[in-house]
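Asks: Once you've had a glance at the structure underneath, I'll fire off some questions.
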Amino acid sequence: MRYGYFDDKNREYVIDRPDVPVSWTNYLGVKDLCTVISHNAGGYSFYKSTEHHRVTRFRQNGIPLDRPGHYVYLRDDETGEYWSISWQPVGKDFNKAKYFCRHGLSYSKFQCNYKGIEAEQLLFIPIDDDVELWDVKVNNKTRKKRKISVFSYLEFSFHHVEIDNQNLQMSLYASGSNYKDGIIEYDFFYEPWTYHFFSSSFNPNSYDCVRDTFIGSYRTETNPAAVEKGKCSNSSELGGNHCGSLHKKISLKPGEEIRLIFMLGVGSREEKGYSLKKKYSDLKNVDNAFEELKKYWQNKLSVLQVKTPHPGFNSMINIWTLYQAETCVVWSRFGSFIEVGGRVGLGYRDTSQDIMGVVHANPEKTKQRIIQLLKGHTTMGYGLHLFDPDVFEPEEHKLPNVKLPTVVPRKKPEDIIHGMEDVCSDDALWLVASICEWVTENGNLEFFSQVVPYVDGGEGTVYEHLTKILDFSAKYVGQNGICQGLRADWNDCLNLGGGESAMVSFMHYWAVNIFLESAKQLGCSDDIKKYTSMAEKVKEACERELWDGDWYIRGFTKKGIKIGTKESDEGKIFLNAQSWAVYSGAASEERAVKCMNAVDKYLYSKYGLHLVLPAYSKTDDDIGYITRVYKGIKENGAIFSHPNPWAVIAECKLGHGNRAMKYYDAILPYNQNKIIEIRQAEPYSYCQFIMGKDHAAHGRARHPWLTGTASWFYTAATKYMLGIQPTYKGLKINPCIPSDWKKFEVIRKWRGAIYKIKVKNPSGVEKGVKSITLNNEIITDVIPIQKARSENEVEVIMG
Ligand code: GLC
């Protein structure tokens, strides 16, 4: 069953049937203010942090699951009938009213047509102002004059997630609201430096700042008393729960349209409210801000655009997958309807991986993230698994030194620098690749010499940080010479402690080789020697200890028992041990082919590749928490999305374009647009996982947006399937595609030059390049870096 469609021309996904099984979300904001918004205008805003700077409230895990929101109600003042521009919260019978939600890049547009009143609510956050604009248009499509009341509604949140969820005997009296000059100001008495405001482009006829006055007792957002009555009560109060409702009566001649702007901002009335109200009461400024936002995305996306025979591939790579990966980099992984605050900051491995996909589209933000991660790196070589980078940037804190009654005390660095017991063996290894990719993309070798402090004292160049990461993995190996699993490896639920992780040893091999490319550029001959021999040793140990006959094992428990072997009844074969053996280059060709055949045979399903099968049913704490998760869910035998692109990359390395596409297609959300009764989640975003075949809801996708899948699928698709890879020497082109693709095109901007690449595949091969020309000249290796601002024609013939 289908609930919407991809509108690629407008770069929007359009929901034309609003009763989707779960909320389909979007992200507004590209800098500091963010709103997670559902297709029904439900959701919440936060400023920088979902933990300690919440703006509007979210009733997490509630029924319905996206309340409250940023709503506009319309009321026919002649009949008293009312509805909302988004289907919810009023929820008219959608056979009588027509609703659309258009999720675009950092904006969402709600449209409704009811009894001849056509209305639209566009929500977005201008790039340079911390204010969410609601651009509302109401149009009378009937032949008679209509009198309509327009009401906004949002619910303000207490500032800190913890005080919003507990200790209400204190927090309920800690914030207040007042109204003056058309601006509702929401203040935190105990934090006299924090304010939010809500305003509009018009002079309201009435307003409410007190939530319960607007809603009325034993009512909900579905039937607020104020809307039913046709006016607000001009309420405000010190203490209690607060809302932003501004009411305007409008009268529309036949065919007339009226446009109203609402504004939700961070800051006080004096400091921000007046000036932003003035600025965005001028519709030209609203239009310009929206145009700027569109340009912002246009610029980003234009760095890499593809045209292939596969519409879903084009749509996801040109728009949605990059957008999703960017979202993870900008907002980290802690603001969604699932991650609702409380856990914030950067996950070491998560952010390191998210960075990799967007080094080309967002060089500044990815660099900032890299530095933050380096500041969370220890002299021993491991990274802090999850930390708030703000803690290490005290100059950022301008908060007065006031003792707060309810706010959790600020953490000190010593509180968050954890020891070995919490080290995840993979965490910092990812950063080696992110940094080297950032430098390769941007050509900035001096970055390796930048000095960055260690979290536990002292400092080192970026290059030295990298060597410590590699040395750590070389040092912490178990009895078989394979890297110790420690608290966990990439798989949070595989808790091997002193046992050993195949995946981490393969990753170690991979990271050392990536590092060596950079060491060669820098001419560090001693290190080239040292790390080449480290790589050889790791590879040898992997090939010696991990081969199981038809595939690679996943590791050893601390008692030395093999995991992921055909000898076990459960957890026989793990995806990551195979894909990483091949992706890293550690596996011999024969074993590589064999183990990827086993993946196809045992782990493939029409919704994607399972992480491990058979799922565990017996607990074994030597293996870890994975054995305590229900079968077919998350790490225990679900189709965990994030590792799927690694298998695609592995198949590309083997030259299997058809199989790579089979795996790409199986899990591609775009392809599941017509089976939403099974998938449930939005079809424009990868989800963290899909229920595996051992679960009754096989095929149901859960946890959209905040997953490393986006970054990795972007990498797999562009660098390995299309095969366009920046290297230190130049642009490498080595596609691996399905044999029935006759051609494809890519426009890639790199280091200031444009490469218009046309790839032809006349003999229907999956891999192999017969010839390359650059501006009609034959090229025998990579395409040399061209002058900035030059436009270059590249023709590639496969065969
Ligand atoms: C979640 C975590 C990620 C981890 C994965 C597998 O997505 O955010 O860090 O690698 O689960 O356990």
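The values are calculated or read from the model by the stated rules, or taken from the named source; none is laboratory data. Nothing here was measured: the structure is a model prediction, and the numbers come from that model. Cβ atoms come from the backbone with ideal geometry, glycine included; neighbour counts cover every protein chain shown. Heavy atoms of the whole protein, side chains included, go into the accessibility calculation; ligands, DNA and RNA do not. Shrake-Rupley method; radii C 1.70, N 1.55, O 1.52, S 1.80 Å.
Asks: Which count do you get for residues in the range 699-713 that are open to solvent by less than 10 Å² (accessible area, probe 1.4 Å) and either in a strand (DSSP E or B) or more than 16 Å from the ligand (Cβ to nearest atom) (or both)?
Replies: Total meeting the criteria: 2.
Asks: Among the strands (runs of 3 or more DSSP E) lying completely within the range 727-799, list those that include at least 2 residues that are among the acidic types (D, E).
Replies: 791-798
Asks: Cβ-Cβ below 7 Å, separation at least six or inter-chain, first residue in the range 212-226 and within 19 Å of L65 (Cα to Cα) and part of a loop (DSSP other than H, G, I, E, B), second charged (D, E, K, R) and open to solvent by less than 50 Å² (accessible area, probe 1.4 Å): which pairs?
Replies: Cβ pairs passing all conditions: E221/R67.
Asks: If I go through the range 568-611 residue by residue, how many of them are assigned to a strand (DSSP E or B) and more than 26 Å from I514 (Cα to Cα)?
Replies: 5
Asks: Quick one: count up the residues across the range 558-583 that are touching a residue at least 60 places away in the same chain (Cβ under 8 Å) and over 33 Å from the mean Cα position of the chain (by Cα).
Replies: Number satisfying all stated conditions: 4.
Asks: The conditions are (1) among the β-branched types (V, I, T); (2) more than 16 Å from the ligand (Cβ to nearest atom); (3) closer than 30 Å to S38 by Cα, and T773 fails exactly one of them. Which is it?
Replies: Here T773 meets the rest and fails (3).
Yes/no matrix, rows are residues, columns are (1) within 13 Å of the ligand (Cβ to nearest atom); (2) part of a loop (DSSP other than H, G, I, E, B); (3) at pLDDT 95 or above:
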residue	(1), (2), (3)
H642	yes, yes, yes
A647	no, no, yes
A650	no, no, yes
N658	no, no, yes
M661	no, no, yes
Y664	no, no, yes
Y684	no, yes, yes
G692	no, yes, yes
H695	no, yes, yes
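Asks: Same structure again: Out of the residues in the range 475-507 that are assigned to a strand (DSSP E or B) and either within 12 Å of the ligand (Cβ to nearest atom) or among the aliphatic types (A, V, I, L, M) (or both), state the one that is farthest from D422 (Cα to Cα).
Replies: It comes out as V477.
Asks: Suppose we filter R544, R554 for residues that are open to solvent by less than 50 Å² (accessible area, probe 1.4 Å) and basic (K, R); which single one remains?
Replies: R554
Asks: Going by what's in this entry, would G637 be described as on the phi > 0 side of the Ramachandran plot, over 21 Å from the mean Cα position of the chain (by Cα) and crowded, with 17+ Cβ neighbours inside 10 Å?
Replies: Yes, satisfied.
Asks: Would you point out the residue of the range 618-640, among those that are out of contact with any helix residue (DSSP H, G or I) (no Cβ under 6 Å at 6 or more places or on another chain) and among the charged types (D, E, K, R), that is farthest from the ligand (Cβ to nearest atom)?
Replies: Only one residue tops the list, namely K618.
Asks: Look through the range 450-474, keep the residues that are part of a loop (DSSP other than H, G, I, E, B) and within 29 Å of the chain's Cα centre (by Cα), and return whichever of them is nearest to the ligand (Cβ to nearest atom).
Replies: V455
Asks: While we're on this one: Output yes when any residue across the range 18-29 is open to solvent by 40 Å² or more (accessible area, probe 1.4 Å), touching a residue at least 24 places away in the same chain (Cβ under 8 Å) and farther than 15 Å from L133 by Cα, and no when none is.
Replies: yes
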